[in-house]
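Here the structure is laid out as structure tokens; the discussion comes afterwards.
The values are calculated or read from the model by the stated rules, or taken from the named source; none is laboratory data. Remember, it's a predicted structure, so these values are computed and weren't measured experimentally. Don't worry about glycine lacking a Cβ; one is built from the backbone with ideal geometry, like all the others, and counts go over all protein chains shown. For accessibility, only protein heavy atoms count, side chains too; no ligands or nucleic acids. Shrake-Rupley method; radii C 1.70, N 1.55, O 1.52, S 1.80 Å.
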Amino acid sequence: MSDNKNINRLFNEFPPVSTKDWETKINQDLKGADYEKKLVWKTLEDINVKPYYRSEDLENLKHLEFFPGDFPFIRGNKTDNNDWYIRQDIIVDNANDANKKALKILNRGVNSIGFVFNNFETFSKNDFNKLLNDIHINSIEINFIAGHYSVEILRWLIEKIKNEKLNPDEIIGSVDFDTIGVLTLKGNFCKSDEFSFNYAKELIEIGKELPNFKNIVIHGDYFHNSGSSIVQELGFSLAVGCEYLYQLTKRGISIDDIAPKFKFQFAVGSNYFMEIAKLRAARMLWAKIIECFSPCCQEKAKMNIHCETSQWNKTIYDPYVNMLRSTTESMSAALAGTDSLTVLPFDKAYSEPSDFSERIARNTQIVLKEEAYFNKVIDPSAGSYYIEKLTDSIVEQSWKLFCEVEENGGYVEAFKKGFIQNEIKKITQKRDLNIATRKEIFLGTNQFPNFDETLKIEIPDSVIIPKSAKAENAITEPLIPYRGTQAFEILRQKTEKSGKRPKTFMFTYGNLAMRKARATFSCNFFACAGFEVVDNSGFKTIDEGIKASIDNKADIVVICSSDDEYKEIVPEIYNKLKDKAIIVVAGYPKNIVDELKSKGIKNFIHVKSNILETLSDLQKQLGIK
């Protein structure tokens with residue numbers, strides 16, 4: 001009791017502060033600056049994120065009344081823990097080799113295997129048995145990615161279970177069949193849409209023998225890795241799921257048999273809190289959609305989620321930063337209650353993953369479980385003013401987009417019309433511009449690059465330049481997965497392949513603080529293209545700097561000083577060096593910029609520069625093609 005009295009006494013020392021009081025104080029500190037522009041972040045999803053949230057922001061949110069395991073499962077499907085499967089995929093070129101690798105990684109923390117078949121035509125039932133030799137399939141999650149060979153896989157699996165007298169209820173996993181995903185990435189179904197949906201029906205019917213095995217995997221990651229927003233990834237994924245529901249119920253299958261057979265695969269990006277909110281919103285919206293089909297019980301409305309770390313935001317330069325990106329992405333997925341998770345190796349973007357990179361990927365999840373105990377607490381973000389409000393906003397925006405797709409005739413018709421592609425294109429154009437202007441930062445690529453880094457391995461053109469998987473008989477344009485930093489990687493590759501690293505010389509003069517700040521900015525700016533940068537502590541005279549520029553055989557001279565000094569020094573430096581190097585001014589002195597341009601100075605770099613366009617133009621001026 002005394003402790004409670006002390007706590008109450010403590011809080012009495014701090015009287016409550018109203019939102020009005022906070023806003024008044026904030027506006028005073030802004031000194032007339034626009035509150036919306038300065039402090040409200042507008043996301044790609046058109047969600048306005050405020051600088052702070054209070055309990056009153058949650059007053060009208062109805063989903064707060066639910067507990068973990070309660071419909072609509074916003075707080076997760078589980079009620080006693082937050083555990084998930086640690087998954088690693090294996091390419092199956094040879095059954096024996098794939099089996100050896102599976103057994104090896106199962107002893108290193110993995111409890112979910114994904115077998116990826118690139119060439120199934122020569123694969124036999126005997127090969128299948130070799131693949132699963134000595135693997136206790138009733139103790140792990142087992143997944144097969146085989147497209148239109150999923151029926152064969154499923155039949156062989158059921159036969160194996162019967163022969164070994166295993167309990168079918170203990171077999172957990174999936175066959176990764178997504179014919180709508182094929183349409184999305186290739187522009188047409190593998191065969192006819194009628195054949196494909198009938199094939200899906202056959203999978204559902206055969207799969208009844210394995211109650212906990214998923215037969216349809218809906219790939220939201222296709223949208224993410226093609227540059228979509230979080231709302232688009234969720235909204236379009238729900239539309240794909242709904243299309244399957246329509247097609248399968250139309251073919252006479254009960255919603256009670258269909259719904260438990262679905263798995264959703266989402267990519268998880270680096271937008272930490274938004275990704276947590278996305279998965280929470282996904283479960284809620286899917287449950288509401290299933291409810292509309294009148295299932296026998298609410299359990300049928302649970303969404304099974306597999307997450308994979310983003311491919312869109314991974315880089316080939318400074319690749320170890322990819323480990324940091326994957327770590328925060330893993331945390332988002334785990335905290336949001338994913339059912340299984342694949343952490344992609346940090347070097348997957350540009351090479352065959354090494355044993356080291358695969359081990360780091362596995363250990364990322366193991367650390368989250370064994371050291372951070374993320375598998376112990378269910379939905380720890382519940383009650384967070386910020387995340388709860390984000391969840392509600394994503395629910396609202398994703399549902400709005402889902403309804404637009406339905407108004408366009410459902411996912412397949414909307415995709416054929418180009419609606420999906422056009423919506424994603426609008427976002428990718430924004431994102432590409434944000435990367436080019438460094439509003440969206442990729443550490444080591446478009447900001448703070450490693451100055452001396454060069455690629456020590458040959459990178460295939462297919463890694464640098466995205467390729468379409470468009471089918472010859474395509475009926476519409478497919479999505480093209482790409483990585484956000486590819487344009488910068490192409491830029492830097494041009495420099496490396498030219499055999500010459502242009503020397504960029506910092507002409508630092510005058511005001512100490514400004515010249516140092518602008519030199520640091522400029523060094524990072526030009527290093528993004530792989531240019532050699534030469535910084536200097538400062539020159540006492542203009543002529544000293546001129547001599548140093550010439551002695552260093554500078555290709556580019558960057559004048560770094562203050563705006564006040566530029567009027568006098570820039571014309572002098574330009575006239576003495578214009579025939580020997582490209583002259584660049586660090587900054588954009590508004591009051592004199594027109595005057596400087598009239599004297600021949602045309603290159604300015606500043607925080608609002610389109611760095612990609614600027615560096616590409618300088619490469620052309622230097623003869624780098």
Legend entry - the range 487-528, residues that are of a type in the set (Lys, Arg), buried (at least 20 other Cβ atoms within 10 Å of the Cβ) and over 13 Å from residue 454 (Cα atoms): 515, 518
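The rows are residues; the columns are (1) under 24 Å from residue 230 (Cβ atoms); (2) of a type in the set (Val, Ile, Thr); (3) open to solvent by less than 60 Å² (accessible area, probe 1.4 Å); (4) without any contact (Cβ under 8 Å) to a residue 12 or more places away in the chain.
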site: 425; (1), (2), (3), (4): yes, no, no, yes
site: 444; (1), (2), (3), (4): yes, no, yes, no
site: 463; (1), (2), (3), (4): no, yes, yes, no
site: 467; (1), (2), (3), (4): no, no, no, no
site: 485; (1), (2), (3), (4): yes, yes, yes, no
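Conditions tested, residue by residue: (1) among the aliphatic types (A, V, I, L, M); (2) part of a helix (DSSP H, G or I); (3) within 20 Å of the chain's Cα centre (by Cα).
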site	(1), (2), (3)
196	no, yes, no
214	no, no, no
246	no, yes, no
265	no, no, yes
270	no, no, yes
295	no, no, no
Inset, instruction - Could you please find all residues in the range 120-148 being touching a residue at least 12 places away in the same chain (Cβ under 8 Å), within 15 Å of residue 93 (Cβ to Cβ) and open to solvent by 50 Å² or more (accessible area, probe 1.4 Å)? - result: 130
Inset, instruction - May I ask you to say which residue of 501, 518 is under 20 Å from residue 579 (Cα atoms) and in contact (Cβ under 8 Å) with a residue 24 or more places away in the chain? - result: 501
Inset, instruction - Identify, from the list 427, 420, 441, the residue that is in a loop (DSSP other than H, G, I, E, B) and either hydrophobic (A, V, I, L, M, F, W, C) or more than 17 Å from the chain's Cα centre (by Cα) (or both). - result: 441
Legend entry - Answer residue from the range 549-570, given it is assigned to a loop (DSSP other than H, G, I, E, B) and in contact with a helix residue (DSSP H, G or I) (Cβ under 6 Å, 6 or more places away or on another chain) and is farthest from residue 532 (Cα to Cα) among those: 562
Inset, instruction - Name the residue, out of 70, 57, that is in contact (Cβ under 8 Å) with a residue 60 or more places away in the chain and farther than 30 Å from residue 344 by Cβ. - result: 57
Inset, instruction - Taking the options 573, 601, name whichever one is in contact with a strand residue (DSSP E or B) (Cβ under 7 Å, 6 or more places away or on another chain), part of a loop (DSSP other than H, G, I, E, B) and at pLDDT 95 or above. - result: 601
Inset, instruction - May I ask you to list pairs of residues, at least six apart or on different chains, whose Cβ atoms are under 6 Å apart, with the first in the range 229-244 being touching a residue at least 60 places away in the same chain (Cβ under 8 Å) and open to solvent by less than 10 Å² (accessible area, probe 1.4 Å) and the second being among the basic types (Lys, Arg) and part of a helix (DSSP H, G or I)? - result: 234/278
Inset, instruction - Filter the range 553-611 for residues that are on the phi < 0 side of the Ramachandran plot and touching a His at 6+ places or on another chain (Cβ under 7 Å) and give the result. - result: 588
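Matching residues to (1) under 15 Å from residue 327 (Cα atoms); (2) open to solvent by 70 Å² or more (accessible area, probe 1.4 Å); (3) in a helix (DSSP H, G or I):
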{"residue": "351", "(1), (2), (3)": "no, no, no"}
{"residue": "358", "(1), (2), (3)": "yes, no, yes"}
{"residue": "363", "(1), (2), (3)": "yes, no, yes"}
{"residue": "373", "(1), (2), (3)": "yes, yes, no"}
{"residue": "381", "(1), (2), (3)": "no, no, no"}
{"residue": "392", "(1), (2), (3)": "no, no, yes"}
Legend entry - Matching residues in the range 44-80 - criterion: being open to solvent by 30 Å² or more (accessible area, probe 1.4 Å) and small (Gly, Ala, Ser): 55
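Residues are listed down the side, and each one gets a yes or a no for (1) hydrophobic (A, V, I, L, M, F, W, C); (2) closer than 24 Å to residue 281 by Cα:
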{"residue": "200", "(1), (2)": "yes, no"}
{"residue": "204", "(1), (2)": "yes, no"}
{"residue": "207", "(1), (2)": "no, no"}
{"residue": "212", "(1), (2)": "no, yes"}
{"residue": "221", "(1), (2)": "no, yes"}
{"residue": "227", "(1), (2)": "no, yes"}
{"residue": "232", "(1), (2)": "no, yes"}
{"residue": "235", "(1), (2)": "no, yes"}
{"residue": "240", "(1), (2)": "yes, yes"}
Inset, instruction - Go through the range 161-181 residue by residue and tally those that are part of a helix (DSSP H, G or I), crowded, with 18+ Cβ neighbours inside 10 Å and either touching a residue at least 40 places away in the same chain (Cβ under 8 Å) or basic (Lys, Arg) (or both). - result: 3
Inset, instruction - Please indicate, with yes or no, whether at least one residue in the range 613-620 is more than 25 Å from residue 498 (Cα to Cα), surrounded by fewer than 18 Cβ atoms within 10 Å (Cβ to Cβ) and in contact (Cβ under 8 Å) with a residue 12 or more places away in the chain. - result: no
Inset, instruction - Scan (1) open to solvent by less than 50 Å² (accessible area, probe 1.4 Å); (2) in contact with an Asp or Glu (Cβ under 9 Å, 6 or more places away or on another chain); (3) closer than 20 Å to residue 204 by Cα; (4) of a type in the set (Val, Ile, Thr) for the single condition residue 184 breaks and write down its number. - result: (3)
Inset, instruction - Test residue 468 against the criterion of being assigned to a helix (DSSP H, G or I) and either at pLDDT below 95 or closer than 22 Å to residue 441 by Cβ (or both), and give yes or no. - result: no
Inset, instruction - Can you confirm whether the range 418-431 contains a residue that is among the β-branched types (Val, Ile, Thr), under 30 Å from residue 505 (Cα atoms) and touching a Ser or Thr at 6+ places or on another chain (Cβ under 6 Å)? - result: no
Inset, instruction - Give 546, 550 a once-over and let me know the one that is surrounded by fewer than 18 Cβ atoms within 10 Å (Cβ to Cβ) and among the aliphatic types (A, V, I, L, M). - result: 550
Inset, instruction - Would you mind finding the one in 284, 274 that is modelled with pLDDT of 95 or more, under 21 Å from the mean Cα position of the chain (by Cα) and either not in a helix (DSSP H, G or I) or not small (Gly, Ala, Ser) (or both)? - result: 274
